[in-house]
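What follows draws every value from the coordinates through simple rules; no lab data is involved. Predicted, not measured: the structure shown is a model, and the values here were computed from it. Note that each Cβ is placed from the backbone with ideal geometry, even for glycine, and that neighbours are counted across all protein chains shown.
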Amino acid sequence: MTETTDCVFCKIAAGQIPSHRLFEDADCFSFLDISPLAEGHTLLVPKRHFQSLADVPEDLLGRTFMALPRLVRAVTAATEAEGCNVLVNDGRVAGQVVPHVHIHVIPRLKGDSLGYRWNTGAYPEGRAEELCARIGQGLQ
Ligand code: 5GP
Ligand code: ZN
């Protein structure tokens, strides 16, 4: 963990930067995103500073994710959304701008024109098996 004194989410956690706070417990807190993709766009953030999901201790990440169902229910109900995108941008290349792990909850309405379709690919013969083996090694 690299505690950064200039991290915007650490400052929000410490109350040094104001936010529209939704809830807080010992491990995590949530607040409205300042530049919402949709009304009710919410961020769920572990209080301790970690840059990547991969760095967060499993028990802390587990407790943070346990807050999600309640948050999703409350956000979708309040915004009358029909669904939501729950996503993590992990790493600059993946669009992460704030280097403190956070989970986006973005309410979605039919016809909201946000869109969400990426170009998909296909595995050439043998490649899926190769990848399975390589990823499997990392899981041991
Ligand atoms: P990222 O691109 O890193 O996944 O998303 C960072 C999010 O944090 C963005 O959606 C951005 O609008 C939000 N954000 C950045 N600074 C602040 C802030 O000071 N307050 C709040 N409430 N949200 C912020
Ligand atoms: Zn931080």
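Per the listing ILE17, ILE12, the residue uniquely in a loop (DSSP other than H, G, I, E, B) and farther than 19 Å from ASP59 by Cα is ILE17. Among residues of the stretch 95-112 being part of a loop (DSSP other than H, G, I, E, B) and more than 23 Å from ALA13 (Cβ to Cβ), the one that is nearest to ligand 1 (Cβ to nearest atom) is ASP112. Check off (1) surrounded by fewer than 17 Cβ atoms within 10 Å (Cβ to Cβ); (2) within 16 Å of the chain's Cα centre (by Cα); (3) among the aliphatic types (A, V, I, L, M) for ALA77 and give me the number that stays unchecked. Going through the list (1) surrounded by fewer than 17 Cβ atoms within 10 Å (Cβ to Cβ); (2) within 16 Å of the chain's Cα centre (by Cα); (3) among the aliphatic types (A, V, I, L, M), ALA77 breaks only (2). Residues that are outside any strand (DSSP E or B), under 29 Å from GLU80 (Cβ atoms) and among the hydrophobic types (A, V, I, L, M, F, W, C) within the stretch 20-41 comprise ILE34, LEU37, ALA38, listed in sequence order. THR64 meets the conditions (1) more than 16 Å from ligand 1 (Cβ to nearest atom); (2) hydroxyl-bearing (Ser, Thr, Tyr); (3) touching a Cys at 6+ places or on another chain (Cβ under 7 Å) in every case but one. The failed one is (1). Residue under question is ALA81, and the condition is that it be more than 16 Å from ligand 2 (Cβ to nearest atom) and under 17 Å from CYS10 (Cα atoms); does it hold? No, not satisfied. The set of residues in the stretch 42-63 being within 19 Å of HIS20 (Cβ to Cβ) and either part of a loop (DSSP other than H, G, I, E, B) or within 16 Å of ligand 2 (Cβ to nearest atom) (or both) consists of LEU43, LEU44, VAL45, PRO46, LYS47.
Annotation: of all residues in the stretch 71-94 being part of a helix (DSSP H, G or I) and free of Cβ contacts under 8 Å to residues at least 24 places away in the same chain, the one that is farthest from ASP27 (Cα to Cα) is VAL93. If the condition is being of a type in the set (D, E, K, R), within 12 Å of ligand 2 (Cβ to nearest atom) and surrounded by 13 or more Cβ atoms within 10 Å (Cβ to Cβ), then the stretch 1-41 contributes only LYS11.
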